Amino acid sequence: MVRLAPDRVPQALAAFNRVWAEVIPDYPASYAFLQDVYAEVYHSELKAESLVRVFSLLSLLVANMGLVIIMAFIIRRKTKEIGIRKVSGATLMDVVRLLNNRFILWIAAAFVPAVPLAWWMMTRWQEHFAQKARLDWWIFALAGLSVCLISTLAVSWQSWRAARFNPVKSLSIE
C-alpha cells in the first residue's frame with residue numbers, strides 16, 4: 001500500500017511504473033486505488049440503500065392513500081352524525097378531533113410493536129459490517145413522529161373537508 005498525494009497522482013504512477021519495470025520486468029504492473037476497491041465492495045450496499053429509500057417513500061405514499069380512502073369511507077358513513085353534531089353546536093375543530101382520535105391511536109398502536117422489530121432487523125443487518133452505526137432511541141422517535149405527522153395531516157385534511165360540509169345538506173342526504 002502506498003499513500004499518494006491527490007494532486008500528484010500522475011507523477012506517482014509514472015514513478016511506480018518505472019520502479020516496477022526495474023524490479024520485476026517480467027510481470028506487468030498492477031495497482032488499484034483503495035477508494036475504487038471500497039466502492040466495489042460496498043456497491044451492493046449502496047444499491048440496497050437506493051432501493052430502501054424508493055420503497056420507503058412508495059410505502060409511505062400507499063399507506064397515506066389508504067388512510068385517505070378509509071377516512072373518506074368513514075366520513076361517508078358518519079355524514080349524518082357529523083351533521084347532527086354541527087347542528088348541536090360542535091365547532092370545526094371538535095369534528096376534526098372526533099374523526100382524528102381513532103387514527104392517531106391506531107398509528108400509536110402500530111408504532112409500539114414496530115420499534116423493537118425495526119431495531120432487531122437493523123441490528124441483524126449490521127452484523128455483517130466491521131463498523132456499525134449506533135441505533136439511538138431518537139432515530140425511532142423521529143421516524144414515529146414523522147409518520148404520525150404525515151398521517152395526521154392526511155387524515156385531518158379529509159376531516160376538515162367533512163367538517164366544513166353544510167349540516168343541512170348532510171342531514172338531507174340520508
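To keep it simple, each residue is scored yes or no on (1) part of a loop (DSSP other than H, G, I, E, B); (2) within 30 Å of F129 (Cβ to Cβ); (3) among the acidic types (D, E).
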residue: L4; (1), (2), (3): yes, yes, no
residue: R8; (1), (2), (3): no, no, no
residue: Q11; (1), (2), (3): no, no, no
residue: N17; (1), (2), (3): no, no, no
residue: Y38; (1), (2), (3): no, yes, no
residue: S44; (1), (2), (3): no, yes, no
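Please enumerate the residues belonging to the range 103-148 that are among the basic types (K, R), surrounded by fewer than 11 Cβ atoms within 10 Å (Cβ to Cβ) and modelled with pLDDT under 90. Working first, answer last.
Of all residues in the range 103-148, those among the basic types (K, R) come to 124, 132, 134.
Narrowing the set further to residues that are surrounded by fewer than 11 Cβ atoms within 10 Å (Cβ to Cβ) leaves 124, 134.
Result: R134, single match.
Limited to the range 78-131, what total is found for residues that are touching a Pro at 6+ places or on another chain (Cβ under 6 Å) and of a type in the set (A, V, I, L, M)? Walk me through how you get there before you give the answer.
Kept after step one, since they are touching a Pro at 6+ places or on another chain (Cβ under 6 Å), are these residues of the range 78-131: 83, 86-87.
Going one step further and asking which of them are of a type in the set (A, V, I, L, M), we end up with 87.
Residues that pass the stated criteria total 1.
Looking at the range 86-102, which of the residues that are of a type in the set (K, R) and modelled with pLDDT under 85 is farthest from C148 (Cα to Cα)?
So the first thing to find is which residues in the range 86-102 are of a type in the set (K, R), and the list is 86, 97, 102.
Now drop any that are not modelled with pLDDT under 85, which leaves 86, 102.
Details: K86: 27, R102: 13 Å.
If we take residues in the range 86-102 being of a type in the set (K, R) and modelled with pLDDT under 85, then K86 is farthest from C148 (Cα to Cα).
For (1) among the aliphatic types (A, V, I, L, M); (2) closer than 18 Å to W157 by Cβ, each residue gets a yes or a no:
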site: S59; (1), (2): no, no
site: K78; (1), (2): no, yes
site: I84; (1), (2): yes, no
site: V87; (1), (2): yes, no
site: T91; (1), (2): no, yes
site: D94; (1), (2): no, yes
site: L99; (1), (2): yes, yes
site: I104; (1), (2): yes, yes
site: A109; (1), (2): yes, no
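Filter the range 1-50 down to the residues that are modelled with pLDDT under 90, closer than 30 Å to Q126 by Cβ and basic (K, R) and list them by number.
Listed by number, the list holds a single entry, R3.
Hey, could you check the range 8-30 for residues that are surrounded by 11 or more Cβ atoms within 10 Å (Cβ to Cβ) and among the aromatic types (F, W, Y) and say which is farthest from the chain's Cα centre (by Cα)?
W20
Please state which one of R76, R53 is over 13 Å from the mean Cα position of the chain (by Cα) and either modelled with pLDDT of 90 or more or part of a helix (DSSP H, G or I) (or both). Can you show your working first?
Working: R53 fails: over 13 Å from the mean Cα position of the chain (by Cα).
Exactly one residue qualifies, and that residue is R76.
Among the residues that make up the range 84-94, is at least one of them in a helix (DSSP H, G or I) and either exposed (fewer than 11 other Cβ atoms within 10 Å of the Cβ) or among the small types (G, A, S) (or both)?
Here is the first cut: in the range 84-94, the ones in a helix (DSSP H, G or I) are 84-87, 92-94.
Remaining after also requiring either exposed (fewer than 11 other Cβ atoms within 10 Å of the Cβ) or among the small types (G, A, S) (or both): none.
So far as the range 84-94 goes, no, none of its residues is in a helix (DSSP H, G or I) and either exposed (fewer than 11 other Cβ atoms within 10 Å of the Cβ) or among the small types (G, A, S) (or both).
If L153 satisfies every condition in (1) farther than 19 Å from N101 by Cβ; (2) loosely packed, with under 12 Cβ neighbours inside 10 Å but one, which is the exception?
Result: L153 passes all but (1).
The values are calculated or read from the model by the stated rules, or taken from the named source; none is laboratory data. Predicted model only: the values in this text are computed from it and were never measured. Glycine also receives a Cβ, built like all others from the backbone with ideal geometry; neighbour counts cover every protein chain displayed.
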